[in-house]
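Here's the structure, in structure tokens; my notes come after.
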Amino acid sequence: MKITHIEVIVASFARIPGGGPNCPIVKITTDQPGLVGWGNGALSGGELAVAALIEQHLAPRLIGADPDRIEDIWQMFHRSTYWRAGRILASAVAALDVALWDIKGKRAGLPLYSLLGGKSRDKILTYGHASGNSIDQTIEQVLAHRDRGYRAIRVQVATPGYEAGSYGAGGSRGARREDPDIHPSRRVHTWEPTPYLRTIPKLFERVRQEVGDSVELLHDVHDRLTPIQVSQLARELEPYHLFFLEDPIPVENKDGLRVLRQHTTTPIAIGERFSSKYEVLPLIIGQLIDYVRNAVSKSGGITELRKIATIAEPFQVKSAFQGPADVGPLAYAATVHLDFAIPNFGIQEDSHFAGEIREIFQGLPEWSDGYYTVSDRPGLGVDVDEARLRAKPYAPFFFPVIRREDGSIQDP
């Protein structure tokens, strides 16, 4: 069996409810009639760079290759290119890797989780996102999520006076009205840490009063604080027993996690901005994190993420693989298959793809009462409606720039 053709389709789902920005999707065709594999990478704001790397530099190496040799192909891309690592390469390799695993499963007539060792559990615990412009609005969303069946909920609220620059609520959830005369690449919003630090403990106090211990609660700092700032926050949140605190400091400051560990027992999750096992390895070995959050579509695919899970297992670090809409539907399906197979699964962020996305990608994991299940269909178990996919052309996407009141840059 040989690979005969590789195509990249950069599709935009931004205008679909529940959809994300552009998604670089790969279709690998083999010389076996009807046997194709689908995968996707993810790099919001850099999707065309991923597509160009695949089309111009990686795909030519694969024409005529045996798609069954997944590990060898993965090693070739990461080692023979000489300029190793990086998020663009990791995303490009991820798209190809997921498609190759899809082919392997289809050829064997087995679902992906079976190729990874079989199921270690019967269903996958998920968490949803509840947010609002005020604490009262957020509590309404938390209660609505609980009523839908979520057993775990990430809770965010806009920072008073800085709604547009807040992460996970307010401006980032579409409440703002952008000036149409300003190009998206030049949009700037303002945010300050002090009112945020005063607001979040009040939020969780109110939420616990409303829900008691009926659900697990999570929160994402999104790399915006210093080690001592987040240490203060984590200690203040200890009475509310968070499932975990996510991305507490910028990922470049790994030693800052030691400061955090000295001040709190609140569990820590980190990894969505990592692109390989080498970045997360010292955090696992040093017991500086409790949950690893690398993403299939941003960290080299199933091949790399499975290794990260294996490294984490003896250190009792669990998975919480990243899963917002921008990871892409095919990579998300692959993630859930991996969740079923690994012994140290912790929790899965819920993309909750719905409506038209589920019509384009038929057979995505099914959600019910807070858990995901997958079908027993071969490979990813997903059929792609190519005509509808191709009708979602690329649309430029830019993250807004976040600045402090004094005009200096703030981590987004």
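The values are calculated or read from the model by the stated rules, or taken from the named source; none is laboratory data. These numbers were taken from a predicted model, which means no experiment stands behind them. Positions of Cβ are backbone-derived with ideal geometry, glycine not excepted, and every protein chain shown enters the neighbour counts.
Go through (1) surrounded by fewer than 22 Cβ atoms within 10 Å (Cβ to Cβ); (2) part of a loop (DSSP other than H, G, I, E, B); (3) at pLDDT 95 or above and name the single condition GLY323 misses. GLY323 satisfies all of (1) surrounded by fewer than 22 Cβ atoms within 10 Å (Cβ to Cβ); (2) part of a loop (DSSP other than H, G, I, E, B); (3) at pLDDT 95 or above except (1). Within the bounds of the stretch 3-20, is there any residue that is assigned to a loop (DSSP other than H, G, I, E, B), modelled with pLDDT of 95 or more and of a type in the set (Asp, Glu)? No, the stretch 3-20 contains no residue that is assigned to a loop (DSSP other than H, G, I, E, B), modelled with pLDDT of 95 or more and of a type in the set (Asp, Glu).
Restricting attention to the stretch 393-410, the residues being within 30 Å of VAL10 (Cβ to Cβ), loosely packed, with under 15 Cβ neighbours inside 10 Å and not hydrophobic (A, V, I, L, M, F, W, C) number 2. Looking at the stretch 323-360 only, could you name the residues that are under 9 Å from the mean Cα position of the chain (by Cα), within 25 Å of LYS27 (Cβ to Cβ) and not aliphatic (A, V, I, L, M)? The answer is GLY323, PRO324, ASP326, GLY328, TYR332, SER351. In the stretch 371-382, the residue that is farthest from TYR150 (Cα to Cα) out of those that are buried (at least 22 other Cβ atoms within 10 Å of the Cβ) and within 18 Å of the chain's Cα centre (by Cα) is LEU380. Taking each residue of the stretch 220-234 that is under 17 Å from THR199 (Cβ atoms) and looking for partners that are among the charged types (D, E, K, R) with beta-carbon atoms closer than 7 Å, six or more apart or interchain, yields ASP220/ARG154; ASP220/GLU246; ASP220/ASP247; VAL221/GLU246; VAL221/ASP247; HIS222/ASP247; ARG224/ASP411.
Of the residues making up the stretch 22-35, those that are in contact with a Ser or Thr (Cβ under 8 Å, 6 or more places away or on another chain) and buried (at least 22 other Cβ atoms within 10 Å of the Cβ) are ASN22, CYS23, PRO24. Residue pairs whose Cβ atoms lie under 7 Å apart, sitting 6 or more positions apart in sequence or on different chains, and linking a residue in the stretch 240-264 that is farther than 22 Å from GLN209 by Cα to a partner that is among the polar types (S, T, N, Q) and not in a helix (DSSP H, G or I), are ILE249/THR226. Exactly one residue out of ILE139, ILE135, ILE153 is crowded, with 21+ Cβ neighbours inside 10 Å, modelled with pLDDT of 95 or more and assigned by TED's automatic domain parsing to the domain that holds ASP247, and it is ILE153.
Residues that are farther than 17 Å from LYS106 by Cβ, without any contact (Cβ under 8 Å) to a residue 40 or more places away in the chain and in a strand (DSSP E or B) within the stretch 326-376 comprise just one, GLU366. Considered as a group, the residues in the stretch 84-107 that are more than 11 Å from ALA331 (Cα to Cα) and among the aliphatic types (A, V, I, L, M) include one that is surrounded by the fewest Cβ atoms within 10 Å (Cβ to Cβ), and that residue is ALA85. Specify the residue that is modelled with the highest pLDDT; the eligible residues are those in the stretch 168-201 that are basic (Lys, Arg) and in a helix (DSSP H, G or I). Out of the qualifying residues, it is ARG198.
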